[in-house]
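Before any comments, here is the structure.
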Amino acid sequence: MASNVRPDTMERITTPELAEKFIEEQLAALRAQIGDRRVLLALSGGVDSSVVAALLIKAVGKQLVCVHVNHGLLRKGEPEQVVEVFRNQMDANLIYVDAVDRFLDKLAGVADPEAKRKIIGKEFIDVFAEEAQKLDGIEFLAQGTIYPDILESGPVKSHHNVGGLPAELHFELVEPIKLLFKDEVRVVGKTLGLPDGMVYRQPFPGPGLGVRCVGAITRDRLEAVRESDAILREEFKNAGLEGKVWQYFTIVPDFKSTGVRDDRRTYEWPVVIRAVNTRDAMTATVEEIPYELLKKITVRITREVKGVNRVLYDLTPKPSGTIEWE
Ligand code: XMP
């Protein structure tokens, strides 16, 4: 297996030409490693696993089997985009697993943040392992490990990547981007022809919207998180802020307050807007969203999102707040 240490001489991939060179080298290495055998990949649709999928599709075509687990905690439109890009456009072997009910049933009534994370992580591995066991003749497991994962070492990765290697599955690992930094992965992804929405996607936690639907997840409150997040992303994009702000998303806490709509009292949830900038996620500052934009987002969310009557703006840097609310 190739070394886990990035050589000092390795050039930083900053241009399409350098990305082309990297891609050519990797295609040759992947074909040499895999031969005519089969590879399995958990494809979340995040930039890392998507770039690995695109490389493997080029290298070994249908010998790659991608498994996309929809755990119900993805952002609006994400599962559909994975199917559209990989199955319809790239003609990949893609198994789409609708595990929404399974995850939400397991999470019902669970309010503790760490317990929620554990359930999501374990369930993900179980679903993935079940799919893997249905397949014959798989010898390799591809992973979107990148260099910061290696630098940060084991415990961080297991916390941060829900799709970590299932211990019960004994495959040889295929990790074609493990010596790359995130910005390099994006240049490679763009050069491979992945859509901008995938390549320049903001970081998204493995447990997904589950950590933004605070406390015990209910389907209706989860929909409020998903719909308000979609509105926020759309308005940031329209305002030219996409790709300029590190992370921006909404949270729906587990409490209600009184409001009024069409001359009637309402008793509904608030939506919290969080938008932060950071270099390494260890500390973060709050993005100063223009007031006009905040007003527009507030009007849209309170009009369009079911069960919501207020919008709040989280002004807390990290520390004292973490980026996520759980
Ligand atoms: P916090 O909330 O700790 O987040 O300030 C720092 C960064 O890590 C992301 N994050 C996670 N990513 N699994 C992940 O894959 C997780 O459980 C998780 N928790 C937080 C968060 O979105 C932010 O970018």
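For the range 205-214, what does the Karplus curve 6.51 cos²θ - 1.76 cosθ + 1.60, with θ = phi - 60°, yield as ³J(HN,Hα) per residue in whole Hz, taken in order and with x for Gly and Pro?
For the range 205-214, the Karplus curve yields x, x, x, x, 5, x, 8, 10, 9, 5 Hz.
When only the heavy atoms of the protein chains count and the probe is 1.4 Å, how do SER3, SER50 rank by accessible area, highest first?
Largest accessible area first, the residues go SER3, SER50.
Taking the Cα centre of the chain as the origin, how large is its charge dipole in debye, to the nearest 20, when only Lys and Arg (+1) and Asp and Glu (-1) carry charge on their Cβ atoms?
Numbers: 44 positive and 50 negative charges, 160 e Å.
Here the size comes out at about 760 debye.
Taking all protein chains in place and a 1.4 Å probe, what share, in percent, of the accessible surface of the chain do carbon and sulfur account for?
Values: 8360 of 15830 Å².
Result for the chain: 53 percent of the exposed heavy-atom area is carbon or sulfur.
With labels modelled as points extended 7 Å from the Cα through the Cβ direction, what inter-label distance (nm, one decimal) is found for GLU20 paired with ALA32?
2.2
What is the spin-label model distance, in nm, from GLU114 to ASP126 if the labels are put 7 Å beyond Cα along the C-beta direction?
Each label point lies 7 Å from its Cα, and together they span 2.1 nm.
How much of the DSSP beta bridge set in the range 202-312 is antiparallel, as a percent to the nearest 5?
Working: 12 of 17 bridges.
Taking every DSSP beta bridge within the range 202-312, about 70 percent pair in antiparallel fashion.
Rounding to the nearest 10 and keeping the result within 0 to 90°, find how far the Cα-based axis of helix 47-60 lies from the longest principal axis of the chain.
30
Quick check for me: using +1 on Lys/Arg Cβ and -1 on Asp/Glu Cβ, what's the dipole size of the range 16-199 about its Cα centre, in debye to the nearest 20? Kindly include the intermediate steps, with their values, before the conclusion.
Working: 21 positive and 29 negative charges, 21 e Å.
I would put it at about 100 debye.
Order of 4-17, 278-291 by packing, highest average Cβ count within 10 Å first?
Details: 4-17: 11.2, 278-291: 12.9.
So the peptides 4-17, 278-291, ranked by packing, come out 278-291, 4-17.
Pull up the DSSP beta bridges for the chain and report the antiparallel fraction as a percent, rounded to 5.
Once the DSSP bridges in the chain are tallied, antiparallel ones form about 35 percent.
Just subtract the alpha-carbon distance of VAL299 and LYS134 from 0.36 nm times their residue separation and send over the number in nm, one decimal. Each step should come with its number before you reach the end.
Working: separation 165, 0.36 × 165 = 59.40 nm, distance 4.82 nm.
Gain in length upon complete extension: 54.6 nm.
Would you mind working out the magnitude of the charge dipole of the range 212-313 relative to its Cα centre, with +1 at each Lys and Arg C-beta and -1 at each Asp and Glu C-beta, to the nearest 20 Debye?
Working: 19 positive and 16 negative charges, 42 e Å.
For the range 212-313, the charge dipole is close to 200 debye.
Which value, in Å², gives the accessible area per residue of the range 16-199 when a 1.4 Å probe is used on the protein heavy atoms? Please list the in-between numbers first.
On the way: 7920 Å² over 184 residues.
The answer is 43 Å² per residue.
Which whole-number value in Å² is the accessible area per residue of the range 212-313, probe 1.4 Å? Before the final figure, lay out the partial values.
Details: 5530 Å² over 102 residues.
Roughly 54 Å² per residue, with all protein chains present.
Quick one: among ARG219, ARG265, ARG201, which has the greatest mean-square fluctuation in a GNM of the chain with alpha-carbon springs under 10 angstrom?
Its mean-square fluctuation being the largest, the pick is ARG265.
Under 15 Å Cα-Cα from LYS21, which aspartates and glutamates qualify once same-chain neighbours fewer than 8 residues away are excluded?
Result set, ordered by chain and number: GLU11, GLU184.
For the pairs LYS76/LYS182; LYS190/LYS244; LYS182/LYS296, flag any whose C-alpha to C-alpha distance is greater than 21 Å.
Details: LYS76/LYS182 23 Å; LYS190/LYS244 17 Å; LYS182/LYS296 32 Å.
The answer is LYS76/LYS182; LYS182/LYS296.
The values are calculated or read from the model by the stated rules, or taken from the named source; none is laboratory data. In this text, all values refer to a predicted model and were calculated from it rather than measured experimentally. Methodologically, a virtual Cβ is constructed for each residue, glycine included, from the backbone with ideal geometry; neighbour enumeration extends over all protein chains shown. Heavy atoms of the whole protein, side chains included, go into the accessibility calculation; ligands, DNA and RNA do not. Shrake-Rupley method; radii C 1.70, N 1.55, O 1.52, S 1.80 Å.
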